[in-house]
Structures are given as C-alpha cells and as structure tokens.
1. List every residue pair whose Cβ atoms sit under 6 Å apart, with the two residues 6 or more apart in sequence or on different chains, where the first one lies in the stretch 211-239 and is farther than 15 Å from residue 79 by Cα and the second, anywhere, is assigned to a loop (DSSP other than H, G, I, E, B) and among the β-branched types (Val, Ile, Thr).
2. If residue 265 satisfies every condition in (1) assigned to a helix (DSSP H, G or I); (2) surrounded by fewer than 21 Cβ atoms within 10 Å (Cβ to Cβ) but one, which is the exception?
3. Tell me, yes or no, whether the stretch 168-179 has at least one residue that is more than 21 Å from residue 110 (Cα to Cα), of a type in the set (S, T, N, Q) and either assigned to a helix (DSSP H, G or I) or touching a Pro at 6+ places or on another chain (Cβ under 9 Å) (or both).
4. Give the number of residues within the stretch 235-252 that are surrounded by fewer than 24 Cβ atoms within 10 Å (Cβ to Cβ) and outside any loop (DSSP other than H, G, I, E, B).
5. Of the residues 136, 170, 116, which single one is within 21 Å of residue 275 (Cβ to Cβ) and not acidic (Asp, Glu)?
6. Please verify whether the stretch 33-43 includes one or more residues that are of a type in the set (Lys, Arg), out of contact with any Pro (no Cβ under 6 Å at 6 or more places or on another chain), closer than 25 Å to residue 270 by Cα and touching a residue at least 40 places away in the same chain (Cβ under 8 Å).
7. Does residue 97 count as within 21 Å of residue 278 (Cα to Cα), exposed (fewer than 15 other Cβ atoms within 10 Å of the Cβ) and at pLDDT below 85?
8. Yes or no: residue 151 touching a Phe, Trp or Tyr at 6+ places or on another chain (Cβ under 8 Å) and assigned to a loop (DSSP other than H, G, I, E, B)?
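The values are calculated or read from the model by the stated rules, or taken from the named source; none is laboratory data. Being a predicted model, the structure only gives us computed values, none of them experimental. Ideal geometry is used to build each Cβ from the backbone, glycine not excepted, and the neighbour counts take in all protein chains shown.
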Amino acid sequence: MKLIDTPLEVLRVRGTGARNYERVARAIDYLRRHAAGQPDLSAVARHVHLSDHHFQRLFTRWAGVSPKRFLQYLTVEHAKSRLAASQNVLDLAGEVGLSGPGRLHDLFVTLEAMSPGEYKTGGAGLAIRYGTHDSPFGPVLIATSLRGICSLHFLDDGDDAAARIQAEWPRAELRRNPAGTAALAERVFRSFASQPGAPLALLVKGSNFQVKVWRALLALPFGAVATYRQVAESIGEPAAARAVGNAVGANPIGWLIPCHRVIRDSGELSHYRWGTTRKAAMLGWEAAHASASSR
C-alpha cells in the first residue's frame with residue numbers, strides 16, 4: 001500500500017463521548033454477566049465508579065431508557081419475541097429485489113461489489129481516505145473512496161487503524177483525512193428517524209457468497225433481528241447457516257451492513273467481530289429507540 005503524508009500510527013479517540021461509551025459498555029457487560037441476580041442501580045453504578053445519580057443520567061442519556069429497562073431488552077425472551085416479529089422481513093425484502101438500488105434499510109444505502117478482477121488487484125489504483133471518529137458505540141474507523149465507504153471498524157485501545165485498512169486494501173493509496181470523513185461519520189450515526197438524503201454508497205470486495213449474505217443483511221431494518229438459518233434460507237442456501245456465519249463475521253462495514261442484527265435460533269447473541277458487549281449495546285440501543293418511535 002502507498003501511504004501519503006502520514007506514517008502508520010495508532011489512532012485513539014479520547015473525547016467525552018468515547019469515555020462515556022466505555023462506562024456504558026462496562027455497565028452493559030456487568031448487567032449481562034449478573035442478569036440472573038437482577039443487580040440494582042447502585043451495584044452497577046459502583047462497578048463503573050459513578051454515583052447513582054450520575055450513572056442513571058449518563059446511561060439514560062445514551063440509551064434512551066433506564067438501565068433496568070435496557071436489561072430487559074437483552075434477555076433471551078425479548079430476543080425471541082423480536083425474532084418472531086421480524087420473521088417475514090427477509091422474505092419481503094427478497095420480493096422487492098436486494099440487488100438493485102433503493103431503500104434497503106433505514107440509512108438508505110446502495111452496495112456495489114468489486115469485480116473478480118478488481119478483487120485480485122487488492123485495490124490498486126484506489127485512493128482511500130480515512131479518519132477515526134466518535135460514535136455511540138465507541139471510536140470508529142471510517143474509510144471511503146470515490147466509489148463509496150469501503151471500511152467501517154469499531155476500535156478498541158491499541159488498535160492500529162491504518163493497518164486494518166492496509167490488510168483489506170493492500171495496494172490502495174491510503175490517506176489519513178479525519179476532516180474529510182467527519183461529516184460522513186456524523187451522517188452514518190445520525191438518528192435513524194432523520195431524513196438521510198442521497199443514498200450512502202458502499203464498496204465491498206468478497207466472494208459471490210459473501211456479497212450475497214451482505215446484501216441480505218441490508219434487508220434487516222432498524223430494530224429487527226434474524227437468525228443465521230433465516231439468512232441462509234433468504235439467499236436460497238438453507239443448509240449453509242455455518243457459511244453464513246462466516247460471511248457475517250467477515251463483514252468489512254460494521255453498522256451500515258448490520259451484521260449485529262443476526263443472532264442464534266435460541267435468542268442468544270453469539271459472537272460479533274467487534275465484541276459481544278458492543279453487539280449487546282447496539283441491539284439494546286436499537287430496541288430502546290425502536291420502542292420509543294412506535295409510541
């Protein structure tokens with residue numbers, strides 16, 4: 001990869017939003033691990049080293065609901081009810097056609113896959129600019145080209161942002177340009193209820209099977225969930241649930257291609273490329289906001 005104007009470096013976000021998400025994530029992890037004991041507000045607040053008042057305010061401002069209510073959204077029973085409510089979503093999406101442009105999900109995106117020839121070149125001739133920004137789910141790396149967003153990764157301490165892009169696009173020209181990607185990051189994580197404007201273009205490279213799975217994921221709207229089996233059935237590969245899981249795990253564009261909305265038949269969350277706690281945070285956050293919007 002050809003690097004322009006900047007050496008490889010570890011990018012970290014230390015803003016208030018990032019610190020707040022760290023506290024929220026620790027609280028969610030604690031709530032999940034101690035769910036059977038139904039921990040009270042004081043116990044969780046002590047765990048994240050905040051007073052009851054400040055923790056309640058912080059968590060509610062982030063999630064839109066109280067910690068107790070949020071915990072209810074993370075139960076297997078709630079997940080199963082969401083699966084039942086979402087069971088026809090993929091079928092309906094298939095009827096309107098996933099391959100063409102259109103409002104595939106709440107953020108209005110279009111997906112373009114690189115040709116096999118382009119795939120083999122490793123991004124040669126592609127200019128990519130990237131930046132690290134704050135998000136509701138911690139620091140996020142966004143990389144984009146003239147053809148669309150080509151990478152979106154959530155970062156933890158010590159992650160080397162540029163190395164992540166380099167691994168995916170080894171022969172592209174990489175330029176760190178957070179000022180140029182800031183508006184894009186704001187739009188990606190804008191409230192689902194806002195008007196998104198022109199479609200967000202996504203550019204991916206993967207096998208035909210992977211791209212087919214990623215297109216299917218785009219049919220899952222905000223607040224919906226599906227199982228690996230349901231995704232497999234929706235793409236005409238009912239026996240390929242395990243392969244679907246591998247494709248979901250290889251998703252290069254988090255959040256926008258909503259792989260976090262795929263869970264096990266049992267209602268359990270299962271693994272997530274960017275951490276199970278972050279997946280729980282996303283699903284609980286979506287459930288809270290979807291519930292609020294339906295009132």
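1. As it stands, the answer is 212/235; 214/257; 216/235; 217/257, since those pairs meet every condition given.
2. Evaluating residue 265 over (1) assigned to a helix (DSSP H, G or I); (2) surrounded by fewer than 21 Cβ atoms within 10 Å (Cβ to Cβ) leaves (1) as the failure.
3. Among the residues of the stretch 168-179, not one is more than 21 Å from residue 110 (Cα to Cα), of a type in the set (S, T, N, Q) and either assigned to a helix (DSSP H, G or I) or touching a Pro at 6+ places or on another chain (Cβ under 9 Å) (or both), which makes the answer no.
4. Of the residues in the stretch 235-252, 6 are surrounded by fewer than 24 Cβ atoms within 10 Å (Cβ to Cβ) and outside any loop (DSSP other than H, G, I, E, B).
5. Result: 136 is the single residue among 136, 170, 116 that is within 21 Å of residue 275 (Cβ to Cβ) and not acidic (Asp, Glu).
6. no
7. No.
8. no
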